[in-house]
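Structure, as structure tokens:
No lab work stands behind these numbers, since they all come straight from the coordinates. Everything quoted here is computed from the prediction, not taken from an experiment. Ideal geometry is used to build each Cβ from the backbone, glycine not excepted, and the neighbour counts take in all protein chains shown.
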Amino acid sequence: MNYWQLRVALLRHPIDALFQALNQGGLLLIALLGTALPAAVYLVLLNFGLLMDETVDPLRRLPILLHLLVLQILWMGLLRDAIVGNQAKLLLRSVPGHRHHRRVSLLLASLVNPLLWPPLLILLSSAPAHWQALLPQWLMLILLLMLQWSSLFTPAGTLVFFGGVFGLSLVMMSETCAAFLLSAKGMALFMLMLVICQRLPSKHLQNRILAILANLPLPAVTTLGQACLREHLPGLILRVTLAGLVIATGHLATSQLAGLVDVVHTLTVSLLAAIAASWQFPLSRFLDQHRTLLASLPRPLLPRLSLLAQPLLLGLLMFQFWQCHASICLLQLLLFVGQILLIQYQVRRAGQHFAIAALLTAIAAQCLHRFFMP
């Protein structure tokens, strides 16, 4: 087995595990969307086309770009260890060809990055005579490649850049500002921001922040919760990535399907509730593994409740980001909380019924919403 075959084999296993982890969620997605699934895929591709079209309103294109950058960072962060081969460093160094480690890693990342190919194919399908007029779009593609490289080899700096881009996605901008960020100068500004973030002493800053957080006077009942988050951090990143994809698609769908805003909202909120409640799976395993420790505590109920509250807190955070530019309806919030609690209860009792529970709670929430708010 040569170096390339070894790298592909090391990457294949985490991807297979990722698809297995998405199995339940995939069944839920098909059950909720049904025959509308091809339309949802078409909608995503349509928004890539809108992003590349300069004649479209900048206020519609800028959120697409910012969501694209955020999702690429999350996706690369999810697969970074598998792409770089952090779990087999010594083995990789013993195989001839290791001097091409970074180039091979970048090529593998490009192959498994579904957000890179649609813009590239759209640009290549245009006539070469128009390529000069598409300079901002080509710079955007270069920005995606730079961000991919940064996510693999300077993750601390990428995290700082992620914070800046995510903050921009929450700000209501004027049309002039949006047009500037989408121009060639704006893309150059994004690249400059990324280079500056890579050069920052972000490792030292990250260690300082972690030290401050470690010294915070947090209640003792949160110790097990922190341990659970550290132990299942990849699963948490996966759920945050899925939630970001759902929120981005929901925002784009509401801008394109004005007559189906209520349907898009119900579907988005139901998917977010299912993603948040699915955190009960690793949580149940953690509780089973530490059952003896919990039983030995003087007051075991408080640590257990603090752990069981994690899916709800995660869901409320997702709901807040979904409603960041809209007023929050109390009824919608209560229905969302009810969905999470019911799905979480069903997962705790019988995890194999997760998809059915999520579907039934989504239907019940929609019926109650129509009853109280006709």
| query | To the nearest 0.05, how large is the calculated FRET efficiency for residue 100 and residue 120 if R₀ is 25 Å and r is the Cβ-Cβ distance? | reply | 0.65
| Gap in Å between the Cα centre of segment 140-184 and the Cα centre of segment 68-137? | 16 Å
| Listed residues 303, 277, 247: farthest to the positive end of the dipole of segment 220-374 (Cβ charges) | 303
| query | Across segment 184-199, in residue order, what do the Karplus-derived ³J(HN,Hα) couplings come to in whole Hz, using 6.51 cos²θ - 1.76 cosθ + 1.60 with θ = phi - 60° and x for Gly and Pro? | reply | 4, 5, x, 5, 5, 5, 4, 4, 4, 4, 5, 5, 5, 4, 5, 8
| message | Quick check for me: using +1 on Lys/Arg Cβ and -1 on Asp/Glu Cβ, what's the dipole size of segment 45-204 about its Cα centre, in debye to the nearest 20? | response | 800 debye
